Structure formats: structure tokens, C-alpha cells
């Protein structure tokens, strides 16, 4: 059984990005710049933003965090986004979700310049993904695909099952897996709460991707022997953090599996850095 170590892979990616940035910084005239907007005091969001700030520092990316009161108005938040769109030294804008009640997150996401949408959630970038055109890919599914590539696990010609149909993970991941490419070309089934005989669908998967937000939902009897299992979930339980996959028993059946924590979470942040550096290169012509 191969443990798909997202933490180590993300560290390697940060090191590669740092070398790339150091080599090109003089030509560009500046380091890459990422702006992170955090509204309110959600503890989980605070942790995520601190982790992103540390990762930026490791990769040579200058980050600016804008911590805004939960009492901010929609207009004030939109004005902040417009100001960051206009700044030449900002290559990427990340709006940390969820937003406090009363703020329109979709409206705010749509106001971010698609060329600075390093989270990959703008309708323009989602549309480009659907059409197979170049653009920023959502960070979590893109991180999944990078992890598969780094471990030389190609889903090409295999049956891939995606549990979950969210805009953040399930839908874009299904599109990436079914796209044309050496680490894509899978035959993809998307399952959800209305899928009949969900366990049987899972048992048929050569590659099983789980992103439903239910701790330990996928059990060993739902997994095909030798399948690759990617657990995107992270849940707080009485026994600590747990994924959507019952890791211990499933790891005895799978040929490769991601841990939680230390699997897809670090890869999501690494992909944010990859997107930011790509934006910087394009904007600075290096």
C-alpha cells in the first residue's frame, strides 16, 4: 500500500516554486503578490489563512492578509476587491470562505478579476475548465491531480468514481479526470446523496475520490481491492480529525490512499501558490 503523502509533496512543490521565483524575480522587478481577504473571526478560517501565509513565505511569495470585521457591508467588501483588482503588485486575490451571514459570496467571487482568480472559482475560469481551455483550476481538485501525477498514478482508461458534486471539489474534479491528458482520460461517474446503490458504485471504482463531508463514511467493504483512494474530506470528531474514508480498514484494501490530515489539505494550499506564481509570470512577462 502506497501512502500518498500530500504534506511532503506540497513541501517539494514550495521548494520548486521558490527556486523559480528566485530565478525570475530580478527580471520581473518584484516578487509574486497574493492578497487574502478574511472577513470575520471564524477560527477555522483564521487557521487556514495563517497556513497560507506561511506557505507563501516558503515559496518566496509576498502575501498581504486583509482581516476585516464581520460587520463590514457588502459595498465595503466590493470596494476592497475593486482596489485589489487595480493593484499592479497583486497577482492573485483569495476571498476566504465562508463569509458571515448577510454577505453575498457569489457576487464577491464574480467581482474578482478572472486573471487574478487564483482560487479558480470565477465563472470565467470554471467555464474555461469545462471547455478545456487554459485558465486557473480550483485548488483542491487541481491539487488532487498533481498528487496523482507525482506518484505516477494515471487514471487514464480506468473507472473513476467521485463522491460529491460540489462546485469546489466534485464537479471540477470530475471534469479534470475526464479531460484529455496523460493523467486524465478516465471514465467518470459522479455520485451523490440521490445515487442508488452507492456502495456498489464505489466497489466498481479503480480510482475513488471522496468529498462528501461525512466522517468515515466509506468503509472497507465499499472499496475494490487494489483501488486508489483519495480522501478530500476533513471532519472534526470526538477522536480528532477524520476524513470521509475509514482510513485504517480501507488502507488494508487499497493499493494507494491519502491520509487525513496530511493528504489533500497541503496540496490545496500548494496549488494556490502554483496558480499565484503562474499569474505573476504572465502579468510580468517572465
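The values are calculated or read from the model by the stated rules, or taken from the named source; none is laboratory data. Please read these numbers as outputs of a predicted model, since none were measured by experiment. In this analysis, Cβ positions are derived from the backbone assuming ideal geometry, glycine residues included, and neighbour counts consider all displayed protein chains.
Brief remarks on what is shown
- One residue from 164, 132, 92, 60 being over 30 Å from residue 22 (Cβ atoms) and not assigned by TED's automatic domain parsing to the domain that holds residue 188: 132
- Each residue in the range 106-156 was checked for being in contact (Cβ under 8 Å) with a residue 24 or more places away in the chain, in a helix (DSSP H, G or I), over 30 Å from residue 227 (Cβ atoms) and in contact with a strand residue (DSSP E or B) (Cβ under 8 Å, 6 or more places away or on another chain), and 2 pass.
- Set 236, 214, 194: member being outside any helix (DSSP H, G or I), out of contact with any helix residue (DSSP H, G or I) (no Cβ under 6 Å at 6 or more places or on another chain), more than 20 Å from residue 153 (Cβ to Cβ) and in contact (Cβ under 8 Å) with a residue 24 or more places away in the chain: 214
- Pairs linking a residue in the range 81-97 that is free of Cβ contacts under 8 Å to residues at least 40 places away in the same chain to a residue that is part of a helix (DSSP H, G or I) and crowded, with 23+ Cβ neighbours inside 10 Å, with Cβ atoms under 8 Å and 6 or more positions apart or on different chains, are 85/116.
- Take the conditions (1) surrounded by fewer than 19 Cβ atoms within 10 Å (Cβ to Cβ); (2) in contact with a helix residue (DSSP H, G or I) (Cβ under 7 Å, 6 or more places away or on another chain); (3) outside any helix (DSSP H, G or I); residue 181 misses just one of them, which is (2).
- Here 260, 250, 228, 277 are screened, and the one residue that is in contact with a strand residue (DSSP E or B) (Cβ under 7 Å, 6 or more places away or on another chain) and touching a residue at least 40 places away in the same chain (Cβ under 8 Å) is 228.
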